[in-house]
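Take a look at the structure set out below.
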Amino acid sequence: MTELDPVIHAQARLRVTATLATLQQGDRMTFPRLQELLSMTAGNLSTHLRKLEDAGYVAITKTHQRRTPVTYVELTRTGRRAFEDYTATLRSLLSPQVDEEVSP
């Protein structure tokens with residue numbers, strides 16, 4: 001039996017990953033927008049993003065718009081694949097197992 005990815009499986013990280021997976025590959029979201037969508041504190045979101053970033057699942061880009069710092073978050077190709085594998089594993093765990101009939 002395949003196990004669920006422990007990096008994604010934590011509720012907050014699953015919510016982050018699922019939200020970012022709704023974006024097209026290569027699209028990104030600002031940190032405040034992600035924080036707003038998930039109703040998370042900045043510190044809590046930062047902690048979970050760090051774990052996802054350490055696993056290579058998200059990329060964080062810090063830049064400036066004029067003089068204002070902006071942080072963008074996006075799901076990496078590895079992160080997208082990990083989320084797809086996670087959801088496939090979850091589906092297989094939730095679907096009824098069909099036992100093969102044994103002929104007498």
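Kindly evaluate residue 17 against the criterion of being over 20 Å from residue 86 (Cα atoms), β-branched (Val, Ile, Thr) and at pLDDT 95 or above. It is false that residue 17 is over 20 Å from residue 86 (Cα atoms), β-branched (Val, Ile, Thr) and at pLDDT 95 or above. For region 1-97, the helices (runs of 4 or more DSSP H) that sit wholly inside it and include 1 or more residues that are touching a strand residue (DSSP E or B) at 6+ places or on another chain (Cβ under 7 Å) and either open to solvent by 70 Å² or more (accessible area, probe 1.4 Å) or touching a residue at least 60 places away in the same chain (Cβ under 8 Å) (or both) are 11-21, 42-54, 77-94.
The values are calculated or read from the model by the stated rules, or taken from the named source; none is laboratory data. A quick note: this is a predicted structure, and the numbers were derived from the prediction, not measured. When we count neighbours, we look across all protein chains shown, and the Cβ atoms used for this are built from the backbone with ideal geometry, even at glycine. These accessible areas exclude ligands, DNA and RNA; they are computed on the full protein's heavy atoms, side chains included. Shrake-Rupley method; radii C 1.70, N 1.55, O 1.52, S 1.80 Å.
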